[in-house]
Amino acid sequence: MIKNFEEYKTERYKKLELEFLRKSGEFFSKNFAELRKNFLINVRSAIKNAVETQKIEKKICAYISVSFLNTSVIEKNPTLQIDFYDEDWFYGKSWARSRHNADFLLKFWESFTADALDESFYIRSQVSKVEIKSLFWGTLDKLIYIFACNAKYFGFLVSFSDEYDELQKAENFYITCGTYLDWQERIFAELPEVDLLNLEKNFDTTFRPIKKKFFRGKSFENLNLRHCFFEDCIFDKFIFSDINLCDAQFLRCKFFSTKFLNCQFAGGDFFECNLKDCDFENCSSEPEDAAEDEYFANFRMYHCYLLNVNFLENKFSQLNKIHCVEK
């Protein structure tokens, strides 16, 4: 029998929490399509209502936050709250708001909390249920973080809807996901293009669109290009050196005699790209090399043509080559 609260946290709660988060993460992965569907339905519905509000109040939207309300668990009505802010946003004071059911996030919550409160494992006079319940909030945060890490792979699909096109947006527009009045993870952004070869110091280069650009005989060095979207670009005799390309996407890009040196590719995608005489050296697609506490999808090369592409001293166990042609 567990004799005190500190012992309970290390000997019982930690193990239960890890198992709960593991099962929840696996459930999200196995039901990814349904998770995506529910998310998009909720956000599109919220945007539709916000568009009607804009017609009356003439507000601009710079930021949408999708937040889980921890207090909704107490009420046994798990809820996602979607808030719309203008460019002078003050967190908590949105100009449009809607709430949506989030039962799908807590499939294993009831059984987890029941196991955590099971009195057969601890001495009631030494460990109180109030103390145990105080641990639940930290577990909820971890659960929503796992959800947010999944949401970054379908948040961008919101931008393909009619509702999104009607929404009046600021030049710098973001969608984030997290917990209300607390942390938020950016899952989508619509930002102006930038010249990656001529940047100001400490300029935010993440989530940038780079379209129909021709890069020849130069290099990107020590850049954070997470979530960048490269479309119809050409790279000739180019070097990517020490670049964070996690969750970055390359669509219909062409690479000739290009080198990738010491780059991170966790969660990245090459789709319908051509690569000829290219080298990947000391690169990695492993999640633990990118971030210890974040979920990443597998790095994919999808419907690509590869001719004389060399992979040297890399860690690419998560690379999926799907319908690629290699010669």
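Laboratory data are not the source of any read-out in this text; all were calculated from the coordinates shown. All values reported here derive from a predicted model rather than from experimental measurement. Every residue, glycine among them, receives a Cβ derived from its backbone with ideal geometry; neighbour counts consider all protein chains shown.
Is there a quick way to get the dipole size of the chain? I mean about its Cα centre, with the Cβ of Lys and Arg at +1 and of Asp and Glu at -1; what is the value in debye to the nearest 20?
Taking the Cα centre of the chain as origin, the dipole is about 520 debye.
Return the subset of K93/K211; K23/K211; K30/K58; K30/K93; K23/K133; K152/K259 for which the Cα-Cα distance in this structure is over 30 Å, preserving the input order.
Violating the 30 Å limit, Cα to Cα: K93/K211; K23/K211; K30/K58; K30/K93.
Given contacts defined as C-alpha pairs under 8 Å and at least six residues apart, what's the relative contact order of region 193-326, whole-number percent?
17
What number, rounded to the nearest 500 deg cm²/dmol, is the helix-based mean residue ellipticity at 222 nm of the chain, given -39500 (n - 2.57) per DSSP H run of at least four residues and division by all its residues?
My calculation for the chain gives -8000 deg cm²/dmol from helical runs alone.
Where the only charges are on Cβ atoms (+1 Lys, Arg; -1 Asp, Glu), what is the dipole of region 5-187 about its Cα centre, to the nearest 20 debye?
Roughly 240 debye for region 5-187.
Springs between alpha-carbon atoms under 10 Å, Gaussian network over the chain: tell me which of I144, I41, I82 tops the mean-square fluctuations.
I41
Using a ≥ b ≥ c from the Cα gyration tensor of the chain (square roots of the eigenvalues), is it rounded, prolate or oblate, where a/c under 1.5 gives rounded and otherwise the larger of a/b and b/c decides, a/b for prolate?
Oblate.
Residues with beta-carbon under 10 Å from that of Q318, excluding Q318: net charge, scoring Lys, Arg +1 and Asp, Glu -1?
With Lys, Arg at +1 and Asp, Glu at -1, the net is +1.
Trypsin sites (Lys or Arg not before Pro), restricted to region 101-177: which are DSSP loop and have at most 11 other Cβ atoms within 10 Å?
R124
Loop-only check: which GluC sites (Glu not before Pro) in region 151-220 are DSSP coil with at most 13 other Cβ within 10 angstrom?
Hits after loop and neighbour filter: E193, E200.
Suppose R0 equals 41 Å. What FRET efficiency, 1/(1 + (r/R0)^6) with r the Cβ-Cβ distance, do D86 and Y305 give to the nearest 0.05?
In this case the efficiency is close to 0.35.
Report, in debye and to the nearest 20, how large the dipole of region 193-326 comes out about its Cα centre when Lys and Arg carry +1 and Asp and Glu carry -1 on their Cβ.
700
Amide H neighbours of A170 under 5 Å, counting only residues 5+ apart in sequence or on other chains, H built in-plane at 1.01 Å?
Under 5 Å from the amide H of A170: C61, A62.
Looking at region 1-94, which GluC sites (Glu not before Pro) are DSSP coil and have at most 13 other C-beta atoms within 10 Å of their C-beta?
E75, E87
Pick out, from F156, A62, N31, the residue whose Cα sits farthest towards the positive end of the charge dipole of region 5-187, with +1 on the Cβ of Lys and Arg and -1 on the Cβ of Asp and Glu.
Of F156, A62, N31, it is N31.
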